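Engineer: One structure coming up, written as structure tokens, with questions to follow.
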Amino acid sequence: MAVVLVWLLFWTSVVGAARAVVGTPRFRSWMSRVAGAVLVGFGIRTAVAAR
């Protein structure tokens with residue numbers, strides 16, 4: 001039972017820290033840029049494959 005409690009407390013702290021990072025405007029801006037680059041890359045790949 002103690003192992004389960006430690007495991008849950010560990011994951012709670014990890015999720016809390018991740019939420020703090022993901023919630024920042026800097027991270028959201030970076031993620032938008034990465035997603036845009038990925039979509040442009042997929043578009044180029046599709047255009048080249050359709051030739």
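The values are calculated or read from the model by the stated rules, or taken from the named source; none is laboratory data. On a predicted model such as this, the values are computed, not experimentally measured, just so you know. Note: areas computed on protein heavy atoms with side chains; ligands, DNA, RNA excluded. Shrake-Rupley method; radii C 1.70, N 1.55, O 1.52, S 1.80 Å.
Engineer: By how many nm would the segment from Ala50 to Trp30 lengthen if fully extended, with 0.36 nm per residue of separation less the alpha-carbon distance?
Structural biologist: 4.2 nm
Engineer: Let me ask something else. Kindly report the accessible area of the chain per residue (heavy atoms of protein chains, probe 1.4 Å, no ligands, DNA or RNA), in Å².
Structural biologist: About 94 Å² of surface per residue is accessible.
Engineer: Let me ask another. Relative to the first principal axis of the alpha-carbon coordinates of the chain, what is the inclination of helix 2-22, with its axis defined by its Cα atoms, in degrees from 0 to 90 and to the nearest 10?
Structural biologist: Roughly 40 degrees, rounded to the nearest 10.
Engineer: Shifting gears a bit: With a 1.4 Å probe and every protein chain kept in, tell me what percent of the accessible surface of the chain is carbon plus sulfur.
Structural biologist: 75 percent
Engineer: To the nearest 10 degrees, how steep is helix 25-49 against the longest Cα principal axis of the chain, on a 0 to 90 scale?
Structural biologist: Tilt relative to the chain: about 40 degrees.
Engineer: Rounded to whole Å and ordered largest first, report the semi-axes of the equivalent ellipsoid of the chain derived from its Cα gyration tensor (root of 5λ).
Structural biologist: They are 39, 16, 4 Å, listed largest first.
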